[in-house]
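Student: The structure is given below, and queries will be raised subsequently.
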Amino acid sequence: DEVIAITVEVDSTTGEINDSVIDSIRIDNDEGDHPDMIKISDSIMAIVYRDDDEDEGYIKTIEIDPYGQISNSTIDSYRYVNNKAANPRIASVGDEIYAIAFRGNSNKGYVRTVQIEQDGNIVSSIIDEYKFNNSYALPRAFQKTQGDYYALVYEDNNDRGVLITLEI
């Protein structure tokens with residue numbers, strides 16, 4: 001599978017989606033899957049995904065102008081995990097800090113925090129890491145609730161949905 005970002009026009013009044021693609025960009029030249037995307041600033045987006053070939057987790061930033069045109073190349077790229085990064089989900093913590101939940105090595109559930117600047121530059125280091133599950137966790141949704149609290153929904157080893165809250 002390829003990771004491709006596309007832009008389309010959506011009417012803000014009616015919710016109607018225009019059928020034609022405005023622009024697109026291939027995020028990874030190899031194979032990738034399970035992407036998630038978050039807005040960093042007015043025109044900067046960050047995309048997290050797993051590289052299928054190497055089973056590594058990546059963050060890439062791109063620029064999209066107000067008319068849906070995507071810059072021809074990624075702004076920055078960072079490998080946030082080098083072994084096993086299934087189903088990453090990203091949430092904003094604030095002040096250029098973002099949290100990524102993913103199923104990592106030995107199928108355990110992890111959250112790592114990273115810094116992404118407003119211009120799309122990714123500071124190349126992990127700020128912190130938390131293991132939220134020791135057996136099996138496949139993240140499905142990750143959202144800020146209030147203040148420093150986040151809701152994380154993941155699938156456990158019995159295919160059940162589990163909801164936990166985290167303080168970051």
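Student: Note the full-extension length gain between Y130 and N107 as 0.36 nm times their separation in residues minus their Cα-Cα distance, in nm to one decimal.
Tutor: Length gained between Y130 and N107: 6.9 nm.
Student: Also, quick follow-up: Can you pull the one-decimal nm distance between simple spin-label points at T14 and D95, each 7 Å off the Cα toward Cβ?
Tutor: Label-label distance for T14 and D95, simple model: 4.6 nm.
Student: Report the far tail of the P(r) of segment 1-90, meaning the percent of Cα-Cα pairs longer than 24 Å.
Tutor: Tail of the P(r) past 24 Å holds 23 percent of the pairs.
Student: Enter the per residue convex hull volume of the chain, computed from alpha-carbon coordinates, in Å³ rounded to the nearest integer.
Tutor: Here the figure is 136 Å³ per residue.
Student: Right, something else. What are the semi-axes of the equivalent ellipsoid for segment 65-116, taken as the square roots of 5 times the Cα gyration tensor eigenvalues, largest first, in whole Å?
Tutor: Computed over segment 65-116, the values are 25, 14, 10 Å.
Student: With every protein chain left in place and a probe of 1.4 Å, what is the accessible surface of M37, to the nearest 10 Å²?
Tutor: 100 Å²
Student: What does the net charge come to around I17 if you take all other residues with beta carbon closer than 10 Å to its beta carbon, with K and R at +1 and D and E at -1?
Tutor: Neighbourhood net charge equals -4.
Student: Dimensions of segment 32-82 along principal axes (Cα, Å, largest first)?
Tutor: Between the extreme Cα coordinates on each principal axis of segment 32-82 lie 34, 17, 17 Å.
Student: List the extent of the Cα atoms of segment 82-168 along each of their three principal axes, largest first, rounded to whole Å.
Tutor: 41, 31, 16
Student: Let me check I have the definition right: for segment 1-52, take the eigenvalues of the Cα gyration tensor, multiply each by 5, take square roots. What are those semi-axes in whole Å, largest first?
Tutor: Ellipsoid semi-axes (Å, largest first): 24, 14, 9.
The values are calculated or read from the model by the stated rules, or taken from the named source; none is laboratory data. This is a predicted model, so every value here is computed, not measured. When we count neighbours, we look across all protein chains shown, and the Cβ atoms used for this are built from the backbone with ideal geometry, even at glycine. Surface areas here come from the heavy atoms of the whole protein model, side chains and all, with no ligands, DNA or RNA. Shrake-Rupley method; radii C 1.70, N 1.55, O 1.52, S 1.80 Å.
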